Amino acid sequence: MNLNKINIVAGREFKVRVKKKSFIIMTILTPIIFAALMIIPSVIMMNDMGEPQKNIMILDNSGIVASRLQSDESVTYDIIQNKNIDSLKQNFDQLGVDALVEITALDENNNFTITAYSTKQLSMEMKSNIKHAANDGLEKYKLAEYDIKDLKKILDDVKTNISVDNVILGEDGQETESHVEINMAISYILTFIIYMFVLMFGNMVMQSVIEEKSNRIVEILISSVKPFELMCGKIIGVAGVAIVQFLIWIILTGVLVFGFTATVGADMISNMTGNTEQVVQVQNSGAFDISSLAAAAGDSELGSILTTISNIDFSYILGCFFIYFILGYLLYASMFAAIGSAVENEADTQQLVMPITAPMIIGLFIMLHTFQHPDSALSFWASIFPYTSPMVMMARIPFEGGVPAWQLLLSIGLLLLFFIGTVYISGKIYRVGILKYGKKATWKDLWKWLKF
Amino acid sequence: MNTIECKNIVKEFGTFRALNNVSISVPQGKIFGLLGPNGAGKTTLIRIMNQISLPDQGSVFFNGNLLKGDDVYKIGYLPEERGLYKKMKVGDQALYLAKLKGLNTRQATRELKIWFKKFSIDAWWDKKVEELSKGMAQKIQFITTVLHKPKLLILDEPFAGFDPINVQLIRNEILRMKDEGTTIILSTHNMESVEELCDNIALINKSNLVVTGGVDEIRRKHGKNQVELIYKASEALNFSSSVISDEVFKDYRKAIFNLEKEETTKEAIQKILPEVDHILSVRELIPSMNDIFIELVSKEAK
């Protein structure tokens, strides 16, 4: 193997792809979209508060709902009684309200119906407010009908509100609080990224092979480069593209999201927890980090979520992510290269690509199982088996307690071993494939080429 | 001294034998024609010489030594089915191919500028290949094949796709390189250029070597000792030897006859000379490479 030539091939592959408009657009746009996805929901949440006040007229014939509705910044309830609903309806325009709600009088079964009239659809929130008030009012009314002594005390006594706090006991006796949903979200995102990008960059290698074959420059190339060197150069070149793209993505998304959080996010937390003083301190100290924000957020739900996030070892997870992404990519890319060599245009790849993407799809299904049972036998074996391990292991890693080091090493070792084996086999198919024209190749052909 | 020598090459693809015990010797500084119908095994042999594939049996010697990895730097190969990256700039592309042939960027740029000027295509350096015509792309491919000054040049249908002016240009370059001592293997179906350029040939048909040797020697060997005579006489001549045809040809008559065994053309003419009024031309009929090709290949088919 001539490393210098692999270098030249990889260099060209990298330069050509990085200079493409589609690469530049995708590299810049993706983090913006990604950041937007993270930022927009919170912006919307904050903006909700600024929406114009709604005005709702309640015609309460039952007499038990209206008193339970409380006007606030977003809505005022205008309670009327003993009016004719039909005349109100007819003069709806003159009422100057956003909605008119009619509550019928109690019937013999102690039930009533509620109808809301409006020119525009009522918001979900408003509907559920009214519904809750009605249910609550009716429930209390019915309970009162039984005339039980000390009812209020009994009810207060019965009322329960229990949540489960999961504290992870570390080996060093350290206790960390954990929010499994957060770990799951991280695990889900990373696994999915591995799945998507191994396929995406694998396809890139395949396209590149097909391009060289179909425009026949490969005939010129292989008189100076060995097919194996050409294939390796290609795979390495595209890997370079992937790494550069990821680094830009991570940096850009990080800058955008943290920039936003540092300026606006702290305000949000102070709004939600009322602990303004501490948050402002954090902000003023200039050293922005999640754990100090978490401390500021205190004991609230948000605080414990932030604590969970600050407890996650991101450098460890990202390190594992890079190892599994690169090795997973290398494992699959060589197979994509072999398939690219067997066809002359992309339309013909369908039936050949299916069997090699199958393990990835299976891995994706196992990953869904792994979220529920990160330590089951299936999760374990699938995270060791090289064709599924990049995804399944990545699904296990972000969970607290992590993965024992020996499993990680075994999995990575096997992945490396299989990578070398797969490249060797793919190289043999590639060597024959790139010079074969005409007949559409089948798996049987590929098998035959292995023995040439 | 042979630049390249293939000895008893056997190559099989599965059950199909693409080359069956083929041996050829290509002398240094000569142009060697590699001929054969489509699918005969020429490309397989060329790929073995380029180390693109390895023979199952037999060996290849380059300048007297077994062919080895580094020899690719001394060989230039212009494949028949050749392409370029469509979206890449001409200059970048030529540099890339030159670097793969072991030149560094500085050498490659200098050499390329010289060649681009010589082929008057220096204005194309920054153009993409998809903007070029087929002939222009062919020129670039030719340049990248010879740029690293190979000792052995293997050209597969080098004239395909060129107009007559560019054919002349390429032909002159080939002859100039031959004069400089480059050994050239020329694989083509154009038999006229074989007669004109090649010193030696090898004809491969159905995986076997049919004939190899000097062009003149092979042509003479395949001659049927026929003479064509265009003459004027009061009446049709009475050839002593078997006459194949004797018919009116404008104001003359044209006769083709076989020479007797051991008889020379001079002796045959002397015999009929008294009866002839006027001789316009006499020539021995040496078969063209085209005739030999068709004869040998169709004989095999029977």
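Worth pointing out:
- Qualifying residue in the stretch A:192-204 (condition: modelled with pLDDT under 90, surrounded by fewer than 18 Cβ atoms within 10 Å (Cβ to Cβ) and over 27 Å from the mean Cα position of the chain (by Cα)): no
- Residue in the stretch A:436-444 that is surrounded by 20 or more Cβ atoms within 10 Å (Cβ to Cβ), assigned to a helix (DSSP H, G or I) and touching a Phe, Trp or Tyr at 6+ places or on another chain (Cβ under 9 Å) present: no
- Count of the stretch B:17-45 residues, restricted to those that are within 11 Å of another protein chain (Cβ to nearest Cβ) and surrounded by fewer than 16 Cβ atoms within 10 Å (Cβ to Cβ), is 0.
- Verdict on residue A:351 being modelled with pLDDT under 65 and either out of contact with any helix residue (DSSP H, G or I) (no Cβ under 6 Å at 6 or more places or on another chain) or over 25 Å from residue A:228 (Cβ atoms) (or both): no
- Residue in the stretch B:82-90 that is surrounded by 21 or more Cβ atoms within 10 Å (Cβ to Cβ), in contact with a Leu (Cβ under 6 Å, 6 or more places away or on another chain) and of a type outside the set (Lys, Arg) present: no
- For the stretch B:75-94, the condition holds for no residue, the condition being that it is closer than 25 Å to residue B:28 by Cβ and in a helix (DSSP H, G or I).
- Condition broken by residue B:273, with the remaining ones in (1) loosely packed, with under 15 Cβ neighbours inside 10 Å; (2) in a helix (DSSP H, G or I); (3) touching a residue at least 40 places away in the same chain (Cβ under 8 Å) satisfied: (3)
- For the stretch A:187-217, the set of residues classified as in a helix (DSSP H, G or I) and within 14 Å of chain B (Cβ to nearest Cβ) consists of A:207, A:208, A:209, A:210, A:211, A:212, A:213, A:214, A:217, listed by residue number.
- Within the stretch A:218-247, the set of residues being facing chain B (nearest Cβ under 9 Å) and either assigned to a loop (DSSP other than H, G, I, E, B) or more than 20 Å from residue B:74 (Cα to Cα) (or both) comprises A:222, A:223, A:224, A:225, A:226.
- Extreme residue, farthest from residue B:181 (Cα to Cα), among residues of the stretch B:45-72 that are among the charged types (D, E, K, R) and in contact with a strand residue (DSSP E or B) (Cβ under 7 Å, 6 or more places away or on another chain): B:56
- Failed criterion for residue B:145 (all others in (1) touching a residue at least 24 places away in the same chain (Cβ under 8 Å); (2) part of a loop (DSSP other than H, G, I, E, B) hold): (2)
- Verdict on residue B:224 being assigned to a loop (DSSP other than H, G, I, E, B) and over 28 Å from residue B:29 (Cβ atoms): yes
- One residue stands out in the stretch B:170-180 among those that are in contact with a strand residue (DSSP E or B) (Cβ under 7 Å, 6 or more places away or on another chain) and not basic (Lys, Arg): the one that is surrounded by the most Cβ atoms within 10 Å (Cβ to Cβ), namely B:174.
- Applying the criterion of at least 1 residues that are at negative phi and away from every other protein chain (no Cβ under 14 Å) to the helices (runs of 4 or more DSSP H) found wholly in the stretch A:1-120 leaves A:21-48, A:85-90, A:92-95.
- Condition met for residue B:295 (closer than 30 Å to residue B:189 by Cα and not aromatic (Phe, Trp, Tyr)): yes
- Residue match in the stretch B:223-231 (condition: in contact with a Phe, Trp or Tyr (Cβ under 6 Å, 6 or more places away or on another chain) and of a type in the set (Lys, Arg)): no
- Residue B:108 vs. criteria in a loop (DSSP other than H, G, I, E, B), among the hydrophobic types (A, V, I, L, M, F, W, C), more than 11 Å from chain A (Cβ to nearest Cβ) and touching a residue at least 24 places away in the same chain (Cβ under 8 Å): no
- Only listed residue being within 11 Å of chain A (Cβ to nearest Cβ), surrounded by 15 or more Cβ atoms within 10 Å (Cβ to Cβ), at negative phi and in contact with a Pro (Cβ under 8 Å, 6 or more places away or on another chain), chosen from B:48, B:75: B:75
- Just so you know, in the stretch B:210-261 the residues that are without any contact (Cβ under 8 Å) to a residue 24 or more places away in the chain and among the aliphatic types (A, V, I, L, M) include one that is nearest to residue B:23 (Cα to Cα), and it is B:244.
- For residue A:327, the conditions (1) of a type in the set (A, V, I, L, M); (2) surrounded by 18 or more Cβ atoms within 10 Å (Cβ to Cβ); (3) over 23 Å from the mean Cα position of the chain (by Cα) are fulfilled apart from (3).
- Lone qualifier among B:101, B:86, B:128 - being under 14 Å from residue A:8 (Cβ atoms), within 12 Å of chain A (Cβ to nearest Cβ) and touching a strand residue (DSSP E or B) at 6+ places or on another chain (Cβ under 9 Å): B:101
- Looking only at residues in the stretch B:98-137 that are crowded, with 19+ Cβ neighbours inside 10 Å and of a type in the set (D, E, K, R), the one that is farthest from residue B:169 (Cα to Cα) is B:99.
- Scope the stretch A:237-258; condition in contact with a helix residue (DSSP H, G or I) (Cβ under 7 Å, 6 or more places away or on another chain), surrounded by fewer than 19 Cβ atoms within 10 Å (Cβ to Cβ) and over 15 Å from residue A:27 (Cα atoms); matching residues: A:257
- You will find that of A:383, A:411, A:426, the residue that is in the same structural domain as residue A:330 (by TED's automatic domain parsing), at pLDDT below 90 and among the small types (Gly, Ala, Ser) is A:383 and no other.
- Any chance residue B:140 is surrounded by 21 or more Cβ atoms within 10 Å (Cβ to Cβ) and modelled with pLDDT of 95 or more: no
- Taking every residue in the stretch A:119-142 that is without any contact (Cβ under 8 Å) to a residue 40 or more places away in the chain and pairing it with any residue that is small (Gly, Ala, Ser), at least 6 positions away or on another chain, the pairs with Cβ-Cβ distances below 7 Å are A:122/A:99; A:122/A:116.
- Filter pass, residue B:167 being among the β-branched types (Val, Ile, Thr), at negative phi and touching a strand residue (DSSP E or B) at 6+ places or on another chain (Cβ under 9 Å): no
The values are calculated or read from the model by the stated rules, or taken from the named source; none is laboratory data. Because the structure is predicted, anything quoted here is derived from the model rather than measured. In this analysis, Cβ positions are derived from the backbone assuming ideal geometry, glycine residues included, and neighbour counts consider all displayed protein chains.
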